[in-house]
Amino acid sequence: MQLLEDRIRQDGKVAPGNVLRVDGFINHQMDPILMREMAKELVRRFANHQVNKVMTIEASGIAPAIMVGDCLNVPVLFAKKKTPSTMDNMLVTEVFSFTKNKSYTVCVSGDYLGEGDRVLFIDDFLANGNAAKGIIDLVKQAGATLEGMGFLIEKGFQSGGEELRSRGIHVESLAIIDSLDNCTVTFR
């Protein structure tokens, strides 16, 4: 998506260790106009799927997921990284965060995810695919159907996208980065 690539070139910052910072417009301070356009593009790319629920994982995926849910007029469910004492019918899985270098127990209520749900997962980044794998597990536990996975930015030089696609999952990424070498963004 040219609009997103242009914004990454303009305002993205590359830090050592293959880290792309987009916190000025995607995952800390957010540009709602850009977010709306990205949501419209994701909806267009998944138009042939029968989605009745958008799902993400807290926290950075919530904003794009809500925008996609709004465009589709369906509920948005996010997996929580802290287990609430008030949650009933809990579905639980483990997710390793590359960014934080630790594992999280993530959960959703089976009251909001179950058989008959046709889920579109939305997140800000796809790198190694750990969050995506956690969502796949939760969807499977619930007996729901995963319709696809949409990401704003994919680090194409990491294994997540290839692994998810090899499993037959419909994966769409609005910007795929082939390299962050020498603190320079190279798009596919």
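Considering only segment 20-34, state which residues are among the hydrophobic types (A, V, I, L, M, F, W, C) and within 17 Å of the chain's Cα centre (by Cα).
Correct list: 20, 22, 25, 26, 30, 34.
Can you find, within segment 101-146, the residue that is nearest to residue 35 (Cα to Cα) among those that are assigned to a helix (DSSP H, G or I) and open to solvent by less than 20 Å² (accessible area, probe 1.4 Å)?
From segment 101-146, those assigned to a helix (DSSP H, G or I) are 130-142; that's our starting set.
Checking the rest, the ones that are also open to solvent by less than 20 Å² (accessible area, probe 1.4 Å) come to 132, 134-135, 138-139, 142.
Working: 132: 20, 134: 24, 135: 22, 138: 26, 139: 25, 142: 29 Å.
Within segment 101-146, the match that is nearest to residue 35 (Cα to Cα) is 132.
What strands (runs of 3 or more DSSP E) lie completely within segment 1-98 and have 3 or more residues being within 22 Å of residue 137 (Cβ to Cβ)? Working first, answer last.
Values: elements: 13-15, 19-21, 53-57, 76-79, 90-97.
Filter on segment 1-98 gives 53-57, 76-79, 90-97.
Looking only at residues that are over 18 Å from residue 60 (Cβ atoms) and aliphatic (A, V, I, L, M) in segment 88-100, which one is surrounded by the fewest Cβ atoms within 10 Å (Cβ to Cβ)?
The qualifying residue surrounded by the fewest Cβ atoms within 10 Å (Cβ to Cβ) is 90.
Taking segment 164-188, which residues are surrounded by 16 or more Cβ atoms within 10 Å (Cβ to Cβ) and not hydrophobic (A, V, I, L, M, F, W, C)?
Across segment 164-188, the qualifying residues are 170, 172, 173.
Can you find, within segment 77-87, the residue that is most open to solvent (accessible area, probe 1.4 Å) among those that are at pLDDT below 80 and touching a strand residue (DSSP E or B) at 6+ places or on another chain (Cβ under 7 Å)?
Top of the filtered list is 83.
Is segment 44-51 home to any residue that is of a type in the set (Val, Ile, Thr) and under 14 Å from residue 174 (Cβ atoms)? Quick ask: steps written out before the conclusion?
Taking segment 44-51 as the starting set, the residues that turn out to be of a type in the set (Val, Ile, Thr) are 51.
Next, only the ones that are under 14 Å from residue 174 (Cβ atoms) stay: none.
No - not one qualifying residue is present in segment 44-51.
Taking the criterion of being touching a residue at least 24 places away in the same chain (Cβ under 8 Å), closer than 26 Å to residue 72 by Cα and assigned to a helix (DSSP H, G or I), would at least one residue in segment 161-177 satisfy it?
Among the residues of segment 161-177, at least one is touching a residue at least 24 places away in the same chain (Cβ under 8 Å), closer than 26 Å to residue 72 by Cα and assigned to a helix (DSSP H, G or I), which makes the answer yes.
For the structure I just gave you, tell me whether residue 47 is open to solvent by 70 Å² or more (accessible area, probe 1.4 Å) and either over 18 Å from residue 131 (Cα atoms) or of a type in the set (D, E, K, R) (or both). Walk me through how you get there before you give the answer.
On the way: open to solvent by 70 Å² or more (accessible area, probe 1.4 Å): yes; either over 18 Å from residue 131 (Cα atoms) or of a type in the set (D, E, K, R) (or both): yes.
In short, yes.
The values are calculated or read from the model by the stated rules, or taken from the named source; none is laboratory data. Computed from a predicted model, the values in this text were never measured in an experiment. Heads up, the Cβs are rebuilt from the backbone with ideal geometry, glycines too, and the neighbour counts pull from every protein chain shown. Ligands, DNA and RNA are stripped out before the accessible areas are found, and what is left, the full protein with its side chains, is counted by its heavy atoms. Shrake-Rupley method; radii C 1.70, N 1.55, O 1.52, S 1.80 Å.
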